[in-house]
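Please find one structure pasted underneath; my questions will follow.
The values are calculated or read from the model by the stated rules, or taken from the named source; none is laboratory data. On a predicted model such as this, the values are computed, not experimentally measured, just so you know. Counting neighbours? That spans all protein chains shown, and the Cβs are built from the backbone with ideal geometry, glycine included. All accessible areas refer to the heavy atoms of the entire protein, side chains included, with ligands and DNA or RNA removed. Shrake-Rupley method; radii C 1.70, N 1.55, O 1.52, S 1.80 Å.
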Amino acid sequence: MSRKVIIAGNWKMNKTAAEGKALVEALKPLVADVCPDVADIVVCPPFTTLAAVVEAAKGSNIKVGAQNVHWAASGAFTGEISAAMLKEAGVEYVIIGHSERRQYFGETDATVNQRLKAALAAGLKPIVCVGELLEEREGGRTEQVLAAQLTGGLAGLTPEEMTRVVIAYEPVWAIGTGKTATPEMAELTHNFIRCTLNDLFGKEVGEGVRIQYGGSMKAENAGELVAQRNIDGGLIGGAALKADSFAALIHNAIAK
Ligand code: PEP
């Protein structure tokens, strides 16, 4: 089955509104040749930069995502943002359960699941992050950890809902460290994720789900990674913060 590549830039807590606008303006001409049928290009700025980036991306092939969403529609949740607020801001995608949210802000598979359901109900396209810590990989527990994250995070979703979800496999030891999983190692893990999705939602759905790789992906390794059968794109941190490095990565990822 052919799955459309999806390359998403996670800007994390970087870029003011003015800086975000400038980055998108610089990126637009560099990726204008990327056909929307071939790849989805997404940028995920901080909340306060979303409006400027949505405006700057209008009419281009660049889509906009947020980095988190709360599960409640409204209420006493200081510092949180609802799915309806993101929709109103013109957001299409949302990252859920990034390892930094899990590590620093107490995100669990249960809260990932709640956020995911709220995002789906609002018509957002969720990017659900999973990945093992270094000690879990070294202890031979990678598959056990991923199975638990997938089973818990995706609990209760219908097969139809699952068709609207993107999974990002991000080995935590590879995020922002310059250490990348080899394409072969990443492919083995993506294949495990694919098999788990097939078991949970049926083969027809599982085979269609896009699974991004994340963790020090850059222009130099994007082509080899995305060439793997079960790697359908990337979730990019550092290399997404400059227009030229992000554009080069995108072009290399989709080069045949
Ligand atoms: C990320 O934080 O999702 C990520 C993959 O970061 P980096 O590309 O910088 O490793």
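Which order, highest average first, do 237-246, 163-172 follow once you tally other Cβ atoms within 10 Å for each residue and take the mean per peptide? Please report the intermediate quantities before stating the final value.
Details: 237-246: 18.9, 163-172: 22.9.
Ranking, from highest mean packing down: 163-172, 237-246.
If you plug each phi of segment 40-45 into the Karplus form 6.51 cos²θ - 1.76 cosθ + 1.60 with θ = phi - 60°, what whole-Hz ³J(HN,Hα) values come out, in order, with x for Gly and Pro?
With coefficients 6.51, -1.76 and 1.60, one gets 8, 10, 10, 10, 10, x Hz.
On to the next question. Could you state how much accessible area E143 has, in square angstrom rounded to the nearest 10, with a 1.4 Å probe and all protein chains kept in place?
Counting only protein heavy atoms, E143 exposes about 100 Å² to solvent.
Over the chain, what percent of the accessible surface lies on carbon and sulfur atoms, probe 1.4 Å?
On the way: 6240 of 11060 Å².
About 56 percent, which is the carbon plus sulfur part of the accessible surface.
Where the centre of each part is set by its Cα atoms, how far does segment 44-69 sit from segment 76-135, in angstrom?
16 Å
Hey, another quick one. Assign unit charges at the C-beta atoms only (+1 for Lys and Arg, -1 for Asp and Glu), then state the dipole size of segment 50-108 relative to its Cα centre in Debye, rounded to the nearest 20.
Details: 5 positive and 6 negative charges, 22 e Å.
Its charge dipole is roughly 100 debye.
Which percent of Cα-Cα pairs in the chain sits in each 10 Å bin, short to long?
Going from the shortest bin to the longest, the percentages are 7, 34, 39, 19, 1.
Assign one of three labels to segment 36-125, namely rounded, prolate or oblate, based on the Cα gyration tensor with a ≥ b ≥ c the square roots of its eigenvalues; rounded applies when a/c is under 1.5, prolate when it is not and a/b is larger than b/c, and oblate otherwise. Working shown, then result.
Details: a/c = 1.83, a/b = 1.58, b/c = 1.16.
Because a/c hits 1.5 or more and a/b exceeds b/c, segment 36-125 counts as prolate.
Right, here's the next one. So for the chain, taking the charge dipole from beta-carbon charges (+1 Lys/Arg, -1 Asp/Glu), which of I211, I95, V53 sits furthest toward the positive end?
Of I211, I95, V53, it is V53.
When only Cα pairs under 8 Å and 6 or more residues apart are kept, what is the percent relative contact order across the chain?
Values: 525 pairs, mean separation 52.6, N = 256.
Worked out over the chain, it gives 21 percent.
Let me ask another. Contour minus end-to-end for T78 and E204, with contour as 0.36 nm per residue of separation and end-to-end as the Cα-Cα distance? Walk me through the intermediate numbers first.
Numbers: separation 126, 0.36 × 126 = 45.36 nm, distance 4.05 nm.
Taking 0.36 nm per residue and subtracting the Cα distance, the gain is 41.3 nm.
Evaluated at 20 °C with a viscosity of 1.002 mPa s, what Stokes-Einstein diffusion coefficient in µm²/s does segment 110-256 have when Rh comes from the Kirkwood expression over alpha-carbon pairs?
Once the numbers are plugged in, D ends up at 138 µm²/s.
With each pseudo-label sitting 7 Å past Cα toward Cβ, what's the Y104-A155 distance in nm, one decimal?
The answer from the label model is 2.8 nm.
Right, next: Given the -39500 (n - 2.57) contribution per DSSP H run of 4+ residues, what per-residue ellipticity at 222 nm results for the chain, rounded to the nearest 500 deg cm²/dmol?
Values: 12 runs with 113 residues, N = 256.
After summing the helix terms and dividing by residue count, I get -12500 deg cm²/dmol.
Oh, and also: With a Förster radius of 41 Å, plug the Cβ-Cβ distance of E138 and M13 into 1/(1 + (r/R0)^6) and report the FRET value to the nearest 0.05. Walk me through the numbers before you get to the answer.
Details: r = 29 Å, r/R0 = 0.72.
The pair E138/M13 has a calculated efficiency of 0.90.
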